[in-house]
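Taken together, the values in this text are just the output of simple stated rules run on the coordinates, not laboratory data. Bear in mind that the values here come from a model prediction, so they are computed numbers and not experimental data. Neighbour counts run over all protein chains shown; Cβ positions are idealised from the backbone, glycine included.
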Amino acid sequence: MNRLIIFDCERMKYAYTGLYSFCKELGSALVRQNNDQVNQLSFYVPEKEVGVFGNHQKYLIQNHLHKFFPRKVSRYDIWHCTYQGSNYLPPKSSQIKIISTIHDLNFLHRVNHPQSRPNTWKSCSAWQTGRRILLPYPIL
């Protein structure tokens, strides 16, 4: 089955950070694993990062206005969000499935944290939408 997948690399706008390295390494691994073109990958990146995964890949340019007016991505099947606090998601009206990589769960428990949430997973908006699959990313 050929799936259309968007790999969200919006956090690559901050070079020399852990999320930049994570996106670059995982994106490169996805390109290598998809050498038989089973799935069609598109990379959602800041304009300066176009070409980072090779010139033959498809790129969608990130714009800060997409926070308020999300891109029309209805033809895609999966959006892989690489940061749990991202403001860049497909419109709620779309049927696209969202995979979120979770790097840090401290924001769920710390009261003073700007992204603080109640202490239960079930109250987390990601679980309530039914559109997200959460993937914990272990920090070693």
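Loop-located chymotrypsin sites (Phe, Trp or Tyr not before Pro) in the stretch 51-96 (DSSP state not H, G, I, E or B) with no more than 12 neighbouring Cβ atoms inside 10 Å: F68. Counted by neighbouring Cβ atoms within 10 Å, the residues H103, H56 run from fewest to most as H56, H103.
Would you please classify the overall shape of the stretch 1-92 from the alpha carbon gyration tensor, given that a ≥ b ≥ c denote the square roots of the eigenvalues, rounded means a/c under 1.5, and beyond that prolate means a/b larger than b/c while oblate covers the rest? Judged from the Cα gyration tensor, the stretch 1-92 comes out oblate (a/c at least 1.5, b/c at or above a/b). Counting beta carbons within 10 Å around each of S93, S74 and listing the fewest first gives the order S93, S74. Working from Cα pairs under 8 Å separated by at least six residues, relative contact order for the stretch 1-66 is 38 percent. For the pair L4 and V50, label points projected 7 Å from Cα toward Cβ lie 1.9 nm apart.
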